[in-house]
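The values are calculated or read from the model by the stated rules, or taken from the named source; none is laboratory data. All figures in this text were calculated on a predicted structure; none of them were measured in a lab. Cβ coordinates were reconstructed from backbone atoms using ideal geometry, including for glycine residues, and neighbour counts include every protein chain displayed.
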Amino acid sequence: MEQGSIVRYLVIAILIGFPLAEGAVLYHLAAGANGHGGWVLAWLIFAAIAGMALIKQARFSLISRLKFAFSQGQFSLSAFIDSFRTVLAGLLLIFPGVISDVMALTLLLIPIREPVFEHGIRPDAARTMHQYKAGNPQPKAATDGVIEGEFRRE
């Protein structure tokens, strides 16, 4: 068997198996020995709302982070990667099921943000980006601690 056909069958098995596994877990939780159908339905609705909110937040976060990076004369790859992770987690939360929700929460909790991507950024730009994330979007002046003016002794 060729390697391409093995990969094709593996992808088909995942695409068919994942929804079946999600359905089996949901059925077990809702109609099992201690069936909690109402709680499972509430969880699915809450997860879908949380997923939509995450996707909306990722859009606004991407726009503001890119605007800030462009004002500094840079391009922020980490903004795209962080937004992609958030959107993917939101889509997994919207997809009904417990397995996809656990995958989404894991994706959101993995700390692969700026420390991986800041190595190529100038130190002053990294400091400014951290100030922006801390809620202080105004960059500090280049002459911190210096008061400009004229002095005359009479």
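Structure notes:
- Residues located in region 66-102, provided they are within 16 Å of the chain's Cα centre (by Cα) and under 24 Å from residue 27 (Cα atoms): 89, 90, 91, 92, 93, 94, 100, 101, 102
- Whenever a residue of region 1-22 is farther than 27 Å from residue 43 by Cα, its partners that are at pLDDT 90 or above and surrounded by 10 or more Cβ atoms within 10 Å (Cβ to Cβ), lying with C-beta atoms within less than 9 angstrom and at least six residues away or across chains, give the pairs 1/9.
- Among the candidates 60, 70, residue that is under 25 Å from residue 111 (Cβ atoms) and surrounded by fewer than 12 Cβ atoms within 10 Å (Cβ to Cβ): 60
- Look at region 40-65: where a residue is farther than 24 Å from residue 30 by Cα and a partner is in a helix (DSSP H, G or I) and among the basic types (Lys, Arg), sitting 6+ places away or on another chain with Cβ atoms under 9 Å, you get 58/85; 65/133.
- The number of residues in region 1-26 that are within 17 Å of residue 102 (Cα to Cα) and among the aromatic types (Phe, Trp, Tyr) comes to 1.
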